[in-house]
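Just so it is clear, none of the values below were taken in a lab; they were calculated from the coordinates. Source: prediction; values computed, not measured. Here the Cβ is made from the backbone with ideal geometry for all residues, glycine too, and neighbour counts use every protein chain on show.
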Amino acid sequence: MAGNRTFTMIKPDAFAAGNSGAILKMIEEAGFKIVAMKATQLSSELAGKFYAVHKERPFYADLCKYMSSGPIIAAILEKDNAVEDFRTLIGATNPANAAEGTIRKIFATSIEANAVHGSDSDENAEIEGNFYFNQYERVK
Ligand code: ATP
Ligand code: MG
C-alpha cells in the first residue's frame, strides 16, 4: 500500500524569487497537509549528503553549489498516495517537459533551478524527512 507522507523542499531559486507562499498555496489546495516545516540553508556538504545518490552524475557539483546557494523551505507533507500525487503536482524534472499547471511548469527556470524537490519513494520520503526533522518537530 502506498504511504501517506512525502518530503519536499522549496529550492533556493523559488525561495529567492518570493514564490514560497504561492507554491505552499498550491500544495495545500492539492490536499496536502503540512506535518512539519522550516526555513533553513544547507551547507554544500549537507547538500552533497542529501543528494548523495547523484554523486557520480556530471551535474552533482553544480547541484550541491546551487542547493546551498540560499535559503530553502523543507517540509513533510501528508495525503493519501503522497509520493506519487506530489510528483504529479510538481511535474517533470525539466520544466520544459513539465505538464501545464504543475509547480515546475509555473515556477522553475531550468532543469537545475526547478523550484521544488519531491521524494521519489516512500522509503526516501522517510529518510529525507528524518534528515531535516526530529520527532519533536513533527505533528503526530
Ligand atoms: P528532485 O529529486 O529534486 O525532486 P527529480 O527527482 O525530478 O528532482 P533527479 O533526477 O532526482 O530529479 O535530480 C535531482 C535534481 O538534480 C533535479 O531536481 C535538478 O535540480 C538537478 N538535475 C537533474 N538533472 C540535471 C541535469 N541534467 N542538469 C542539471 N541539473 C540536474
Ligand atoms: Mg529525485
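Values for this structure:
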read-out: For the chain, the Rg and Dmax computed from alpha carbons only, in angstrom; value: 13.9, 39
read-out: Low-density loop positions, chymotrypsin sites (Phe, Trp or Tyr not before Pro), region 33-121 - DSSP coil, at most 12 other Cβ in 10 Å; value: Phe59
read-out: Residue-by-residue Karplus 3J(HN,Hα) for region 40-51, coefficients 6.51, -1.76, 1.60, Hz, glycine and proline x; value: 7, 9, 7, 6, 4, 5, 5, 4, x, 5, 4, 9
read-out: Cβ-based charge dipole, the chain, positive-most Cα from Val116, Leu89, Ser44; value: Ser44
read-out: In sequence order, calculated HN-Hα J values of region 55-60 (Karplus, 6.51, -1.76, 1.60; Hz; x Gly/Pro); value: 5, 8, 7, x, 8, 4
read-out: Centre separation in Å (Cα based) which lies between region 104-126 and region 33-68; value: 11
read-out: For region 82-140: rounded, prolate or oblate by the Cα gyration tensor [a/c cutoff 1.5]; value: prolate
read-out: Global geometry of region 1-64, whether rounded, prolate or oblate, following the gyration tensor of its Cα atoms and the 1.5 cut on a/c; value: oblate
read-out: Added length on full extension, which subtracts the Cα-Cα distance from 0.36 nm per residue, Glu78 to Glu29; value: 16.4 nm
read-out: Cα centre as origin, Lys/Arg/Asp/Glu Cβ charges: the chain dipole, Debye; value: 300
